[in-house]
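Colleague: Sharing a structure here in structure tokens format.
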Amino acid sequence: MMSCNKPENKLQVEVFETSAQGNKLTKVSEFPFTEKRVTIKLIPEQTFQTISGFGGAFTESSAYLLNKLSQKNRDTILKAYFAKEGANYSLTRTHMNSCDFSLSQYSYTPVEGDKNLEHFTIEEDKDDLIPMIKDAMAVSEDGFNIFASPWTAAPWMKDNNHWVGGKLLPEYYDTWALFFSKYVDAYETEGIPIWGFTVENEPHGNGNNWESMHFSPKEMTDFVQFHLGPKLEADGYGDKIILGYDQNRAGLKEWVDEMYRDEASSKYFHGTAIHWYESTYDYFPEALQYAHHKAPNKYLIETEGCVDSEVPKWQDDAWYWSKEATDWGWDWASEEDKHLHPKYAPVNRYARDIIGCLNNWVDGWVDWNMVLDRQGGPNWFKNWCVAPVIVDPDADQVYFTPIYYTMAHFSKYIRPNAKIIGLKNSDDKLMATAAQNPDGSIAVILFNEFESPKTVTLILNEKNVEITIDAQAIQTIVIHKV
């Protein structure tokens, strides 16, 4: 049963679907009628945040694996992520010094006591990370932004003289600020522009497991206000984006209250970075709303998320759609937080989180590793995780998981500088978000995590169209320039 509207009242759309039934960003044009009816009305005159981008992270682990593959498969992966016909990633992250997804622990500042960083070197990155980034740049027609995050300073700058935990010694605050400036110099000399930074990955720490360095909200804010911000400004890098915090959302309030405590501190923070690890399903809308309203003109970017504490399943699409995965909280969360960490479907987690974020002022969403192996590494700490693309370097095989297609539903069709627009959705169990791109096109993204397909009447101005979204499916509906 199709709409009986006249042809001139029919909205012209293209529909792309990824589903548990096997669609993989597949263009669909046949829409069987279902009993479950939903109405979604777009309100383009109601605008919210401007999108900064979607993407993933360049890590030593991913770059090392690409080096082990055939040139053909390396090119296939980079094109899948960065080409216009692929996911067309627009916002990316990388690490400064080593992280858990490195092959070993290393620092760009290997000489103890080198306060002026005369021995600063990015030599460690030249055989893996830098070639991966440069090859991605060559593939990307639209270009993408890169922000960099440190997990820790070299042990000699810290009060515990260790890679894990501890704090930056006050006598090295200026040295650590110089580190960021030297990093921009070194990477830009390699032909890689740096868009910005997060100040510190996970300043609360990570349970003393792998590279980390602790800051309180006040310590980080003081470091940025009195050291990092002025140093970048003095060195001609005042345009580089500085994102504060960079950990889980439930802690947002105390951080944004401190970061934006007055005009002098707010001046140097361009936004707030967040992670998703407190819960497998809750995206903490109240915390996101609070952070936005505290600093409505600043970025609010999800800078890391992945299916953690899991060895990825190889060539088993169904696993990514089923509630079989666990995260660290399944085993390790405190009793009062256990309810936040049930088993979950990896695809559901991504789709639900990204839509939930977009509907609560988040303007960018960046996945973690782009490529991992069948073990979920390499990772020097054996902290196995899942990535959208899994490879078997020994057999030179590549597996694009359903997570890859889930990310592409957003990154490919919602472009930088798009604006999230209003919509009215008659079904609170069908997640929906919409954005108007700079070229005037509108992308509507739907997520149906349940077992029944739904027929959706999509309305824009005086026009409408009926489509059907399958059970357990994500759809991107593209309305060309209106």
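Colleague: With only Lys, Arg, Asp and Glu charged, each at its Cβ (+1 for the first two, -1 for the last two), find how big the charge dipole of the chain is about the Cα centre; round to the nearest 20 debye. Please report the intermediate quantities before stating the final value.
Modeller: Details: 44 positive and 71 negative charges, 348 e Å.
The calculation lands at about 1660 debye.
Colleague: Let me ask something else. How many percent of all Cα-Cα pairs in segment 255-333 sit more than 21 Å apart? Intermediate results must be reported in sequence, preceding the final value.
Modeller: Working: 1422 of 3081 pairs.
Beyond 21 Å sits 46 percent of the P(r) for segment 255-333.
Colleague: Ok, one more. Report relative contact order for segment 73-159 in percent, whole number only (criteria: Cα-Cα under 8 Å, sequence separation at least 6).
Modeller: On the way: 96 pairs, mean separation 37.4, N = 87.
So the answer I get is 43 percent.
Colleague: May I ask which of Lys343/Lys429; Lys158/Lys382; Lys41/Lys343; Lys298/Lys343; Lys134/Lys481 have a Cα-Cα span longer than 26 Å here?
Modeller: Values: Lys343/Lys429 19 Å; Lys158/Lys382 24 Å; Lys41/Lys343 33 Å; Lys298/Lys343 34 Å; Lys134/Lys481 33 Å.
Flagged as over cut-off: Lys41/Lys343; Lys298/Lys343; Lys134/Lys481.
Colleague: In segment 399-466, which GluC sites (Glu not before Pro) fall in coil by DSSP and have 16 or fewer other Cβ atoms within 10 Å? Before the final figure, lay out each step's value.
Modeller: On the way: sites: Glu449, Glu451, Glu462, Glu466; in loops: Glu449, Glu451, Glu462.
Loop-located and lightly packed - Glu451, Glu462.
Colleague: Any chance you could tell me what percent of the C-alpha pair distances in segment 168-281 go past 23 Å? Each step should come with its number before you reach the end.
Modeller: Numbers: 1896 of 6441 pairs.
Counting every Cα pair in segment 168-281, those more than 23 Å apart make up 29 percent.
Colleague: Got a number for carbon plus sulfur as a percent of the chain's accessible area, 1.4 Å probe?
Modeller: Details: 8870 of 18420 Å².
Exposed carbon and sulfur together represent 48 percent of the surface.
Colleague: Quick one: Cα centre-to-centre distance for segment 167-195 and segment 232-264, in angstrom?
Modeller: One Cα centre to the other: 16 Å.
Colleague: I've got another one for you. Using only Cα positions of segment 2-151, each an equal point scatterer, no hydration layer, compute I(q)/I(0) via Debye at q = 0.17 Å⁻¹ and quote the log10 values to two decimals.
Modeller: With one equal scatterer per Cα and no solvent, log10 I(q)/I(0) is -1.10.
Colleague: In terms of modelled amide H atoms, which long-range or inter-chain residues lie less than 5 Å from the amide H of Thr272?
Modeller: For Thr272, the qualifying residues are Gly244, Tyr299, Leu300, Ile301.
Colleague: If you don't mind, another one. Between Thr50 and Glu462, what FRET efficiency comes out of the Förster formula 1/(1 + (r/R0)^6) with R0 = 22 Å and r the beta carbon distance, rounded to 0.05? Display every interim value, and only then the final one.
Modeller: Working: r = 27 Å, r/R0 = 1.24.
Plugging the Cβ-Cβ distance into 1/(1 + (r/R0)^6) gives 0.20.
Colleague: In terms of Cα to Cα distance under 16 Å, which lysines are near enough to Lys294, apart from those fewer than 8 places away along the same chain?
Modeller: Within the straight-line limit of under 16 Å, Lys294 reaches these lysines: Lys253, Lys267.
Colleague: State, in angstrom, two size descriptors of the chain derived from its alpha carbons: Rg to one decimal place and Dmax to the nearest whole number.
Modeller: Taking only Cα atoms of the chain, I get Rg and Dmax of 22.3, 77 Å.
Colleague: Long-range amide H contacts for Trp163: which residues qualify at under 5 Å (H placed 1.01 Å from N, peptide plane, sequence gap of 5 or more or a different chain)?
Modeller: none
Colleague: Next question, about the same structure. Please report, in debye to the nearest 20, how large the charge dipole of segment 414-482 is about its Cα centre when each Lys and Arg carries +1 at its beta carbon and each Asp and Glu carries -1 there. Kindly include the intermediate steps, with their values, before the conclusion.
Modeller: Numbers: 7 positive and 8 negative charges, 68 e Å.
Charge dipole, segment 414-482, about its Cα centre: 320 debye, nearest 20.
Colleague: Could you check the spin-label model distance between Glu188 and Asp235? Points 7 Å from the Cα along Cα→Cβ, value in nm.
Modeller: 1.0 nm
Colleague: If you don't mind, another one. Can you spot the aspartates and glutamates whose alpha carbon is less than 16 Å from Lys182's alpha carbon? Ignore those fewer than 8 places along the same chain.
Modeller: The qualifying aspartates and glutamates are Asp114, Glu118, Glu123, Glu124, Asp125, Asp174, Glu190, Glu233, Asp235, Asp239.
Colleague: If contacts are Cα pairs under 8 angstrom and at least 6 residues apart, what is the relative contact order of the chain in percent? Before the final figure, lay out the partial values.
Modeller: Details: 1105 pairs, mean separation 116.1, N = 482.
Contact order relative to length: 24 percent.
Colleague: Now, a different point. Taking the Cα centroid of segment 269-323 and of segment 414-455, what is the distance between the two, rounded to the nearest whole Å?
Modeller: First find each Cα centre; the distance between them is then 18 Å.
Colleague: Hey, what did segment 103-220 get for relative contact order, percent, Cα under 8 Å, at least 6 apart?
Modeller: Working: 146 pairs, mean separation 33.5, N = 118.
Averaging sequence separation for qualifying contacts and normalising by length gives 28 percent for segment 103-220.
Colleague: Which angle between 0 and 90 degrees, to the nearest 10, do you get for helix 402-411 versus the longest principal axis of the chain when only C-alpha atoms count?
Modeller: On a 0 to 90 degree scale, this one is about 90.
Colleague: Could you please report the charge total around Lys267, scoring K, R as +1 and D, E as -1 over all other residues with beta-carbon less than 12 angstrom from its beta-carbon?
Modeller: Details: positive: Arg261, Lys298; negative: Glu233, Asp262, Glu263.
Net charge in that neighbourhood comes out at -1.
Colleague: Work out from phi, with θ = phi - 60° and the Karplus expression 6.51 cos²θ - 1.76 cosθ + 1.60, the ³J(HN,Hα) of each residue of segment 183-194, listed in order in whole Hz, and give x for Gly and Pro.
Modeller: Those phi angles translate into 4, 4, 3, 5, 6, 6, 4, 7, x, 10, x, 9 Hz.
Colleague: Then there's this: Mind listing the phi-derived Karplus ³J(HN,Hα) values for segment 143-155, rounded to whole Hz, using 6.51, -1.76 and 1.60 with θ = phi - 60°, and x for any glycine or proline?
Modeller: So the J values, rounded to whole Hz, are x, 8, 8, 10, 10, 10, 10, x, 8, 6, 6, 4, x.
Colleague: Here's something else I'd like to know. Return the aspartates and glutamates within reach of Lys36: Cα separation strictly under 16 angstrom, same-chain partners fewer than 8 residues apart disregarded; answer none if there are no such residues.
Modeller: Asp427, Asp428, Glu449, Glu451, Glu466, Asp470
The values are calculated or read from the model by the stated rules, or taken from the named source; none is laboratory data. Keep in mind the model is a prediction, meaning the values are calculated, not measured. Virtual Cβ from ideal backbone geometry, glycine too; neighbours counted across all protein chains shown. Just the protein is used for accessible areas: all its heavy atoms, side chains included, with ligands, DNA and RNA removed. Shrake-Rupley method; radii C 1.70, N 1.55, O 1.52, S 1.80 Å.
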